[in-house]
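Since the structure comes first, as structure tokens, the remarks are kept for the end.
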Amino acid sequence: MSQPVYALNLFNVSNRDEYLAYSRRSAAEVEAHGGRLIALGKFREVATGDVEPREVLILVEWESKQAFDSYCNDPQLADLHPHRVQGSDAYIWHLFDKIEDLRPILK
């Protein structure tokens, strides 16, 4: 049985027009492929840590890793993903397994 995953996206917008071309279509395509937007954020301040700040946060819950992969690899979206790449920089895209609590990590 597949488990949900969270995709954490942190990035800077480097080309507004390119990123707008991506964002105009991506929300509907994410949903069509089993993703659900959880949060959008604009950088505020560093509280702690040594990661260089990014100006944008997007958190998406995917039904499964397979759903995420289907979005990334759908040949009908081959013209969409380059807009994200060309419209952003310093992109961090990390996947996290959904867990109910920290017990599996703290064993």
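No value in this document is a laboratory result; all are computed from the given coordinates. In this text the structure is predicted, and so the values were computed from the model without any measurement. Don't worry about glycine lacking a Cβ; one is built from the backbone with ideal geometry, like all the others, and counts go over all protein chains shown.
Our helix-only sum for the chain, with -39,500 (n - 2.57) per DSSP H run of n ≥ 4 divided by its residues, gives a mean residue ellipticity at 222 nm of -10000 deg cm²/dmol. Take every Cα pair under 8 Å whose residues are at least 6 apart in sequence, average their separation, divide by the length of the range 5-106, and the relative contact order is 50 percent.
If you run the Gaussian network model on the chain, springs between alpha carbon atoms under 10 Å, then out of 52, 61, 29 the most flexible one is 52.
Distance between the modelled labels on residue 90 and residue 65, one decimal in nanometres: 2.9 nm (7 Å Cα→Cβ projection). Put a plus charge on the Cβ of each Lys and Arg, a minus charge on the Cβ of each Asp and Glu, and nothing anywhere else: the dipole of the chain about its Cα centre is then about 180 debye. Ranking of 101, 79 by neighbouring Cβ atoms within 10 Å, starting from the fewest: 101, 79.
Taking every Cα-Cα distance in the chain and sorting them into 10 Å bins from zero, the calculated P(r) comes out as 14, 42, 33, 11, 1 percent.
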